[in-house]
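Trainee: Take a look at this one; I'll ask things after.
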Amino acid sequence: MPLFGSTFSPKKTPPRKCASLSNLHLLDRSTREIELGLEYGIPTMNLAGQSLKFENGQWVAESGSFTGDRREMQRLRKRNQQLEEENNLLRLKVDILLDMLSETTAESHLMEKELEELKNCSRRRK
């Protein structure tokens with residue numbers, strides 16, 4: 001039995017304050033971008049002395065940065081095409097060699113089987 005009143009009576013909590021006291025959410029988008037610094041621009045990177053920028057999901061060379069290297073790029077593309085053709089030729093040669101090997105192996109197995117049959121036949125006659 002309590003001496004000074006009821007056993008438990010919690011105080012009422014005060015009402016919550018507004019979540020944000022900032023008035024930036026009331027501003028239009030362009031003003032917010034200026035205020036908050038949300039204008040980043042196009043991502044760019046410098047790689048091996050060549051400047052690239054990210055546009056439409058791809059890295060593209062900035063105009064003027066590849067002017068001196070056009071010949072080098074054409075040479076590399078030509079070399080790449082030559083290597084791809086050589087690679088295709090080598091794959092074709094490997095396929096032909098594997099076919100020849102399997103044919104020779106099959107013939108060898110047939111000759112061994114025929115030789116075994118001839119040996120067995122000659123042993124029966126004796």
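The values are calculated or read from the model by the stated rules, or taken from the named source; none is laboratory data. Note that the coordinates shown come from a computational prediction; the quantities given were computed from them, not determined experimentally. Here the Cβ positions follow ideal geometry from the backbone for every residue, glycine too, while neighbour counts run over all protein chains shown. Protein only, heavy atoms only, side chains kept; ligands, DNA and RNA dropped before computing areas. Shrake-Rupley method; radii C 1.70, N 1.55, O 1.52, S 1.80 Å.
Trainee: Given LEU52, LEU110, which one is open to solvent by 80 Å² or more (accessible area, probe 1.4 Å), free of Cβ contacts under 8 Å to residues at least 40 places away in the same chain and not in a loop (DSSP other than H, G, I, E, B)? Explain how you work it out, then say what you get.
Mentor: Working: LEU52 fails: open to solvent by 80 Å² or more (accessible area, probe 1.4 Å).
Of LEU52, LEU110, the one residue that is open to solvent by 80 Å² or more (accessible area, probe 1.4 Å), free of Cβ contacts under 8 Å to residues at least 40 places away in the same chain and not in a loop (DSSP other than H, G, I, E, B) is LEU110.
Per-residue answers, yes or no, for (1) modelled with pLDDT under 90; (2) loosely packed, with under 10 Cβ neighbours inside 10 Å; (3) farther than 30 Å from GLY41 by Cα:
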| site | (1), (2), (3) |
| --- | --- |
| GLN81 | no, no, yes |
| LEU101 | no, no, yes |
| ASN120 | no, yes, yes |
| ARG125 | yes, yes, yes |
